[in-house]
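*Asks:* Please see the structure below; I have some questions.
The values are calculated or read from the model by the stated rules, or taken from the named source; none is laboratory data. In this text the structure is predicted, and so the values were computed from the model without any measurement. Note: ideal-geometry Cβ built from the backbone for every residue, glycine included; neighbour counts use all protein chains shown. The area values use the complete protein model at the heavy-atom level, side chains included, leaving out ligands, DNA and RNA. Shrake-Rupley method; radii C 1.70, N 1.55, O 1.52, S 1.80 Å.
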Amino acid sequence: MASYQSGASGGGQGVAKAASDHQDDIEAMSPKRAAEELGRLAEVLAQANAGYYQADAPIMDDAEYDALKRRNAAIEAAFPDLKRADSPSDQVGAAPSEGFGKVRHTVRMLSLGNAFDDGDIIEFDKSIRSYLGLPRAAPLAYTAEPKIDGLSLSLRYEGGQLIQAATRGNGETGENVTANARTIADIPTELIGAPEVLEVRGEVYMSHADFAALNERQESAGGKPFANPRNAAAGSLRQLDAEITRKRPLKFFAYAWGELSQPLADTQLGAIERLRDLGFSTNELTQRCDGPDAMIAHYRMIEETRPHLGYDIDGVVYKVDDLGLQARLGFRSTTPRWAIAHKFPAELAWTELEKIEIQVGRTGALSPVARLKPVTVGGVVVSNATLHNEDYIAGRDAKGGEIRGGKDIREGDFVQVYRAGDVIPKVADVDLSKRPGNAVPFDFPQVCPECGSPAIREEGEAERGCTGGLICPAQAAEKLKHFVSRAAFDIEGLGAKKVEAFYGDPQLPVKEPADIFTLRERDAANLAKLANRDGWGQTSAKNLFDAIDEKRKIPLSRLIFGLGIRHVGEVAAQDLARHYGTWEAMARAIDTARPAALAHRAADEAAEAERRRADSEGRRARLAEARGKAVADCEVPEAASEAWAELIGTDGIGPVMALSLSDAFANPEERAAMDRLLPHLTPLPPEARADDSPVAGKTVVFTGTLEKMTRAEAKARAESLGAKVSGAVSAKTDLLVAGPGAGSKVKKAADLGVKTINEDGWLELIGQ
Ligand code: IVH
């Protein structure tokens, strides 16, 4: 931060002085006094920020400012419940070079599931009806509205005043862009008649006309033009200097909300109308539809209107209209069940494929990439596209059938490229009439191009994989990049490029995750310090080490995801963390289950061998027999069977993922790398989603017929209250909820002394 000058204007000194007059002891503070003091500090620091950032007229010096911020943080630490929504700890006010302040969203900002054709919309309606147990003929209304191609923003109003604006970020934490949002004409800074707390969510975008004019200005000033209106909007909102944002013609549509102290309406459409009445711009193509036919008709209408709208949209969003039903439907881990985005078809373009290169991913998969002559597809310049795997290049699908009429893809070919939303561009087709005479079929490598180890294609796998494991530098570097990625450790200042540089650094090598956490101490022991290198300085080196330290305490789910184990994505990592609670419990369970995992693999292999031998008659029985025999041949201790059953019984974890976990934990090199990493970390258990719920942390089993809700709804509801839902009764079950027609589970529960209640008892227990 540039310096707050000492001896600033008279009025300012008054504020600073008043601030330092209140130094009474924090420990002796009453909650009432602490709340007052936090309020006062928020006000003083906001004035200091405004003076510094907006008026260019600082009102206190750096030291005073820092002392006030520290005092504010100390009071917040002593009284965490009193931390204000507009807490200075979460505000801009950090040095511009350090970027924006962080904001933790009180209600997560989620993304939407995607639909690509009419059939998906019919499925969407069906799945909602089935979840809610609604018959086909029962009325069920939706809203349909354009999906704006911009970036989402959350605006928090308290007492009608705009107090904070935050970008989506990773959905949990975004960037504080309050000062910038205040410059957008569509965003009211004051509301009349709004609920006390109101978080309005919507999309910041730029119109085509404004985008063209901005690019013209950029270019005539010698600047680089933006690739498309979305990038221009994002670049303009994320300016550290709000005065630049003010000059950019940004617009905002409101379409959703986060925290509310009072409901806005009973329906989605009603809520949008209320937001419109409060002064927000809402999209006039928003309409209520009585079912899939009307939704699809509205989609077609919006698709036809699209070229004349004057701003980019990339699909239509459907939402269940009844907010009561939305609440019942709730959320999956990252998307609501009650909404879906119906995307417009991908845009296409033809270009020349100059070269096919092979990249080695973190799990060793060899992925072919097409290097293309740059071409604009849907407003974005594309020069690389994925070619998936060797079969795709050869014109075959996974089962040996033809794709693209069996046409293969060669270097020198003219290929059709498409982009669907944010997805990596793909090659769809090839124009044989333009194939050069000297083009030869692509010879897919049988050894890893990075480490020379054999690249093997396992039975039933689409990809060829490098067998080098962690000795393969590409795999190790990719694993590291994954480890620091946004959904994993997300270390500020340590992105993919820096990790790659550290990987090959002779003085300060980072070859595996544990090395990241010894960087500071290794640097201290080195004669040549990081701070003295090109591109580094005292501050940036210190910032990096501090950012690393910040991540020593890490949510268990991020740690599990960060390990980059094949098939274990973000959602599965969250499921595992929720189920096992601690690293030790999970590792113990995976280790204990190992013999059962191997038996499972043996059984799969035996069944596969039998499948190949067996004729169609009597096949099922023979397959089952082969599986059974294979399992019987492996001696599996009971504890292993139980641990395996629990692992694959964990919500979201299937046998393929469980086997992959088991393999990773049993692999000596990978395990040793984990064992070196863990001592540096404190994995944080998943936040119980509702501590006050009597079922939080309990394992619940549902059996028999439920009459007031579907099984899916019961399960999702229980999980949202922090319970684990299991399919089988065991000694670990805390509660069995049995409806009419329940069978053997009731007896097993009785034998094990597990409490059994009926559906009404359950509803009473969860307070419904
Ligand atoms: S509703 C809980 N409505 O699309 C879901 N989103 O792909 C709230 N978006 O992150 C989102 N137009 O940035 C909704 N009319 C619209 C939208 C819209 C654009 C964006 C939004 C979201 C992304 C998901």
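*Asks:* Six or more apart or on different chains, Cβ under 8 Å: which pairs go from a residue in the stretch 143-170 that's away from the ligand (no atom under 12 Å from the Cβ) to one that's among the aromatic types (Phe, Trp, Tyr) and open to solvent by less than 10 Å² (accessible area, probe 1.4 Å)? Could you list them?
*Replies:* Pairs found: ILE163/TYR157.
*Asks:* From the list ALA227, ALA254, ALA234, exactly one residue is open to solvent by less than 70 Å² (accessible area, probe 1.4 Å), in a loop (DSSP other than H, G, I, E, B) and hydrophobic (A, V, I, L, M, F, W, C). Which is it?
*Replies:* Sole residue among the options that is open to solvent by less than 70 Å² (accessible area, probe 1.4 Å), in a loop (DSSP other than H, G, I, E, B) and hydrophobic (A, V, I, L, M, F, W, C): ALA227.
*Asks:* So which of SER111, SER130 ends up being open to solvent by 40 Å² or more (accessible area, probe 1.4 Å) and within 16 Å of the ligand (Cβ to nearest atom)?
*Replies:* SER111
*Asks:* Being assigned to a loop (DSSP other than H, G, I, E, B), within 16 Å of the ligand (Cβ to nearest atom), over 29 Å from GLY159 (Cβ atoms) and under 30 Å from the mean Cα position of the chain (by Cα) is true for just one of TYR318, TYR311, TYR299. Which residue is that?
*Replies:* The unique qualifying residue is TYR311.
*Asks:* Still on this model: For GLU219, are the conditions met, namely being at pLDDT below 95 and within 16 Å of the ligand (Cβ to nearest atom)?
*Replies:* No; evaluated as a whole, the condition is false for this residue.
*Asks:* On to the next question. When you look at ALA673, is it more than 30 Å from LEU736 (Cβ to Cβ), within 31 Å of the chain's Cα centre (by Cα) and in contact (Cβ under 8 Å) with a residue 12 or more places away in the chain, yes or no?
*Replies:* It is true that ALA673 is more than 30 Å from LEU736 (Cβ to Cβ), within 31 Å of the chain's Cα centre (by Cα) and in contact (Cβ under 8 Å) with a residue 12 or more places away in the chain.
*Asks:* Regarding PHE489, is this residue touching a strand residue (DSSP E or B) at 6+ places or on another chain (Cβ under 9 Å), open to solvent by less than 20 Å² (accessible area, probe 1.4 Å) and in a loop (DSSP other than H, G, I, E, B)?
*Replies:* Yes, satisfied.
*Asks:* Scanning for something polar (S, T, N, Q), touching a Leu at 6+ places or on another chain (Cβ under 9 Å), more than 30 Å from LEU576 (Cβ to Cβ) and touching a residue at least 24 places away in the same chain (Cβ under 8 Å), does the stretch 524-544 turn up at least one residue?
*Replies:* Yes - at least one qualifying residue is present in the stretch 524-544.
*Asks:* Conditions first: (1) in a helix (DSSP H, G or I); (2) farther than 25 Å from ALA728 by Cβ; (3) in contact (Cβ under 8 Å) with a residue 24 or more places away in the chain. GLU610 passes all but one, so which condition is the exception?
*Replies:* Here GLU610 clears every test but (3).
*Asks:* Let me ask something else about it. Spot the failing condition for LEU684; the list is (1) touching a Pro at 6+ places or on another chain (Cβ under 6 Å); (2) at positive phi, and only one is missed.
*Replies:* (2)
*Asks:* Tell me, yes or no, whether the stretch 91-101 has at least one residue that is among the aromatic types (Phe, Trp, Tyr), more than 16 Å from the ligand (Cβ to nearest atom), assigned to a loop (DSSP other than H, G, I, E, B) and open to solvent by less than 60 Å² (accessible area, probe 1.4 Å).
*Replies:* Within the stretch 91-101, one or more residues are among the aromatic types (Phe, Trp, Tyr), more than 16 Å from the ligand (Cβ to nearest atom), assigned to a loop (DSSP other than H, G, I, E, B) and open to solvent by less than 60 Å² (accessible area, probe 1.4 Å).
*Asks:* Between residues in the stretch 182-205 that are part of a loop (DSSP other than H, G, I, E, B) and residues that are β-branched (Val, Ile, Thr) and open to solvent by less than 30 Å² (accessible area, probe 1.4 Å), which pairs lie under 6 Å by C-beta distance while being six or more apart or on different chains?
*Replies:* Final answer for the pair search is THR183/THR245.
*Asks:* Output the residue which, of all residues in the stretch 720-750 that are surrounded by fewer than 19 Cβ atoms within 10 Å (Cβ to Cβ) and among the charged types (D, E, K, R), is nearest to GLU642 (Cα to Cα).
*Replies:* That would be LYS732.
*Asks:* Mind listing just one residue for me: the one in the stretch 341-358 that is open to solvent by 20 Å² or more (accessible area, probe 1.4 Å) and within 30 Å of GLY171 (Cα to Cα) and, of those, nearest to the ligand (Cβ to nearest atom)?
*Replies:* LYS343
*Asks:* Within the stretch 321-340, which residues are surrounded by fewer than 16 Cβ atoms within 10 Å (Cβ to Cβ) and more than 13 Å from the ligand (Cβ to nearest atom)?
*Replies:* Selection gives GLY324 alone.
*Asks:* Being away from the ligand (no atom under 16 Å from the Cβ), part of a loop (DSSP other than H, G, I, E, B) and on the phi < 0 side of the Ramachandran plot is the filter here, so list the residues in the stretch 266-282 that pass it.
*Replies:* Across the stretch 266-282, the qualifying residues are ASP266, LEU278.
*Asks:* While we're here: For the stretch 379-409, how many residues meet the condition of being out of contact with any Pro (no Cβ under 7 Å at 6 or more places or on another chain) and β-branched (Val, Ile, Thr)?
*Replies:* Qualifying residue count, the stretch 379-409: 4.
*Asks:* Shifting gears a bit: What residue, of ALA18, ALA63, ALA50, is over 28 Å from GLU687 (Cα atoms), in a helix (DSSP H, G or I), at pLDDT below 85 and open to solvent by 60 Å² or more (accessible area, probe 1.4 Å)?
*Replies:* Sole residue among the options that is over 28 Å from GLU687 (Cα atoms), in a helix (DSSP H, G or I), at pLDDT below 85 and open to solvent by 60 Å² or more (accessible area, probe 1.4 Å): ALA63.
*Asks:* Oh, and also: Can you pull out every residue in the stretch 95-126 that is closer than 30 Å to ALA346 by Cβ, modelled with pLDDT under 95 and not charged (D, E, K, R)?
*Replies:* MET109, LEU110, SER111, LEU112, GLY113, ASN114, ALA115, PHE116, listed by residue number.
*Asks:* Turning to a different aspect of this structure: So SER383 passes all but one of these: (1) without any contact (Cβ under 8 Å) to a residue 60 or more places away in the chain; (2) open to solvent by 60 Å² or more (accessible area, probe 1.4 Å). Which condition number does it fail?
*Replies:* It fails just one condition, (2).
*Asks:* Still on this structure: So if I check each of ASP651, ASP615, ASP604, which one is of a type outside the set (S, T, N, Q), at pLDDT below 90, farther than 30 Å from VAL510 by Cβ and assigned to a helix (DSSP H, G or I)?
*Replies:* Every option except ASP604 fails the conditions.
*Asks:* Regarding PHE483, is this residue in a helix (DSSP H, G or I), under 29 Å from ARG168 (Cβ atoms) and modelled with pLDDT of 95 or more?
*Replies:* Considered against the rule, which asks whether it is in a helix (DSSP H, G or I), under 29 Å from ARG168 (Cβ atoms) and modelled with pLDDT of 95 or more, PHE483 comes out as yes.
*Asks:* Output the number of the condition that ARG371 fails; it satisfies all remaining conditions of (1) within 12 Å of the ligand (Cβ to nearest atom); (2) surrounded by fewer than 16 Cβ atoms within 10 Å (Cβ to Cβ); (3) over 27 Å from MET206 (Cβ atoms).
*Replies:* Unmet condition: (1).
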